[in-house]
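Report on one structure; see the data block that follows.
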Amino acid sequence: DMELTGVKIDDEMLGEYNIDLSNQLEKLQIKIIKEAGVEFNLDSPKQLGSILFETLVITDKAKRTKTGQYQTGEDVLKKLADTHPIVPLIIEYRKLKKLKSTYVEPLPKLIHPKTGRIHTSYMQTVASTGRLSSKDPNLQNIPIRTEAGRQIRKAFIPVADMLLMDADFMAA
């Protein structure tokens with residue numbers, strides 16, 4: 001029933017939020033470029049690694065991938081967050097960019113033309129915990145602990161006489 005009913009989203013709100021995220025990303029990009037002292041493509045791990053570990057030399061213990069590029073994953077950047085003001089800016093940039101590309105831009109495109117809702121698929125036997133999981137799209141990974149994630153969740157609209165509920169459990 002949940003799959004057939006689908007979930008209504010406010011695509012206009014997401015469109016406005018997309019513009020807001022674009023503006024935030026542009027401002028972060030300007031700050032990051034200023035901290036780096038040189039123009040580079042923030043979305044290129046190779047260029048980012050070069051800036052962080054060769055130009056700014058934020059650490060002398062930079063790790064490399066098998067292909068020789070510097071590692072610039074989230075786990076690496078979090079460990080280096082206190083080494084230079086550019087690092088937290090990059091972490092924030094990536095977080096917002098991911099939300100924009102994973103949820104804010106694609107969700108409105110997934111609205112079914114006849115129902116006006118998004119119809120995800122729920123699976124009962126995939127998660128080892130017995131929880132329901134969803135796919136196409138996965139509506140369970142939208143962050144709740146960040147303001148940006150909460151903004152995306154505000155776009156989900158309960159239909160008349162229905163309630164949207166998010167529930168989880170913890171083992172005692």
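The values are calculated or read from the model by the stated rules, or taken from the named source; none is laboratory data. Just so you know, these numbers come straight off a predicted model, no measurement behind them. Backbone-built Cβ (ideal geometry, glycine too); neighbour counts: all protein chains shown. Just the protein is used for accessible areas: all its heavy atoms, side chains included, with ligands, DNA and RNA removed. Shrake-Rupley method; radii C 1.70, N 1.55, O 1.52, S 1.80 Å.
Spacing of the modelled spin labels on Arg64 and Thr146, each 7 Å from Cα toward Cβ, amounts to 3.1 nm. Using every pair of distinct Cα positions in the stretch 1-120, the Kirkwood expression returns a hydrodynamic radius of 16.4 angstrom. Computed from label points 7 Å out along Cα-Cβ, the spacing between Glu74 and Met123 is 2.1 nm. With all protein chains in place and a 1.4 Å probe, the accessible surface of the chain carries 52 percent carbon and sulfur.
With bins 10 Å wide beginning at 0, the percent of Cα pairs of the stretch 63-172 falling in each bin runs 11, 30, 31, 21, 7, 1. For the stretch 101-147, the per residue solvent-accessible surface stands at 68 Å², with DNA, RNA and ligands left out and a 1.4 Å probe.
Helical runs assigned H by DSSP (4 residues or longer) give the chain a calculated mean residue ellipticity at 222 nm of -11500 deg cm²/dmol, each run adding -39500 (n - 2.57) before division by the residue total.
Accessible area of Ser101 (1.4 Å probe, protein heavy atoms only, ligands and nucleic acids ignored): about 70 Å².
Between 0 and 90 degrees, the angle of helix 86-99 with respect to the longest Cα principal axis of the chain falls at about 30 degrees. Rolling a 1.4 Å probe across the protein heavy atoms gives the stretch 3-82 an accessible surface of 66 Å² per residue. Of all lysines in the structure, those lying under 22 Å Cα to Cα from Lys78, and not within fewer than 8 positions of it along the same chain, are Lys27, Lys31, Lys34, Lys46, Lys61, Lys63, Lys66, Lys95, Lys97, Lys98, Lys100. Using C-alpha pairs under 8 Å with a sequence gap of at least 6, the mean separation divided by the residue count of the stretch 1-138 gives a relative contact order of 30 percent. Axis angle, to the nearest 10 degrees, between helix 11-36 and the longest C-alpha principal axis of the chain: 10 degrees. Extension gain for Glu26 to His112 (0.36 nm times residue separation, less C-alpha to C-alpha distance): 27.8 nm. Treating the stretch 81-138 as a set of equal point scatterers at the Cα positions, no solvent, please give the Debye-formula log₁₀ I(q)/I(0) at q = 0.15, 0.22 Å⁻¹. Result of the Debye calculation: -0.68, -0.87.
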